[in-house]
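Read-outs: derived from the displayed coordinates by stated rules, not from any lab. For clarity, every value in this text was computed on a predicted model and none was experimentally measured. Backbone-built Cβ (ideal geometry, glycine too); neighbour counts: all protein chains shown.
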Amino acid sequence: MDRCVVLVDAGYLLGAAASLLAGDPARSRVTVDHTALITALRERAEAETGLPLLRIYWFDAAPDRRPMPEHRRLRVLPRVTVRLGALTRAEGRWVQKGVDAAMHAELSELARNRACADVVLITGDGDLLPGMMSAKEHGVVVHLWALQAADGDFNQSEDLVGEADERRVLDREWIEGSFSLRDNAAVFPAPGPRHEIAKILAAPPAGPPGVVPAPAVRPGSAPAAVPAANGRAAPAAATALKVVPTPKDIAGRSAAAPPAAAPPAAAGHPAGPVLRWSSDRGWVERPAAEQAATAGDCLPTLAQLTTAEQRWADREEDITSIGGDAHEVGQVFARRWCERIGNAERLTVLWPDYPRIPHRVDGELLRYAARFGLLAHKDDQIDEHDRYAIRAGFWKELSGRVPGGDIVVDD
């Protein structure tokens, strides 16, 4: 079949480009314009081979083979197919698994089925040598492309270079058409958290309305007796080693009669223990359970405000336009929520509880962020710093849209 196919080892392509432009093979050092890159690969492949393009195969790895934001953007581009291997951590470093095997299988299958006449390989791994030899035996012309090495030498396997039918080097000028150095000041901020993140760090974790955190145990306080199963009080020393009393336990004790030696409660104050929680302002009175839900908890969630058509459009925007930065993800979510709630005045009820996000909205925000690959690899949780950045982006966006927000966020 008189067509050409391009097989791209993304690890080699992005790592070599980062080494050349930034002096560091870390892919995070460069920003990629994927649309421009795919267009440049297609035009160059068709010019080099003199044949129309059948397809570009993009081989990469991801934790648990879950597509990352860049993979979702790539696979919706015309004539692009994404194949993912596994990304695992071994001896303190990330290792790709299955990428070379997938490239070998695809190359052999294309050649065996005579799906193309020419194949362009962008890789440097010598493990692909058997697949290259097999393709040549089926009459396929193999073009091996390299990226200009930072030290001026080849960055490919010598056996791979020797077996290729045609060889080309993509120089710095070609690479700079699609790659650019990432702004390190944005990726690696100066020491010290941003002001809004510092407030979120100091705030109590978001929890469901009505849930009261366990009180802190102060030095010198006498442990209270815990009711036993038979209705008699068990010794405090025995129970203190077994279980920490919950807020529910303490609330139950407050209804019991106080000891005879205890002084009577002052007028206007409830009898029994008072639940408090700590903050940067010291010990703060915790509101009663029936008053714990704030006005923000009554606001509708983004899902409730989104129609099926808007949901489809949101997904398209996420795939094609949103980069996946944690701060940006929080801003996008807040922008949609604010626009769809209609009247921004309704959101002013959030400011008295800043930086606490209503529980339902906070959970929805983190689930939305998980779609962008912000989950940690092992425990399937969002990294702690990413959570703070997501919420900081949420508040930053609202501060420019909701009256009074600039005073709260920038104070």
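Couple of notes before you dig in:
- Between residue 316 and residue 172, residue separation times 0.36 nm minus the direct Cα-Cα distance comes to 48.6 nm.
- Virtual spin-label span in nm between residue 113 and residue 303, 7 Å along Cα→Cβ: 3.9
- If you sort the three axes of the alpha carbon gyration tensor as a ≥ b ≥ c, you get a/c under 1.5 for region 4-187, which makes it rounded.
- Label positions at residue 89 and residue 137, each projected 7 Å from the Cα along the C-beta direction, are separated by 4.2 nm.
- Summarising the label geometry, the points placed 7 Å from Cα in the beta-carbon direction at residue 46 and residue 335 lie 3.3 nm from one another.
- Judged by the ratio a/c of the largest to the smallest principal axis of the C-alpha gyration tensor, region 42-98 counts as prolate, that ratio being 1.5 or greater while a/b is larger than b/c.
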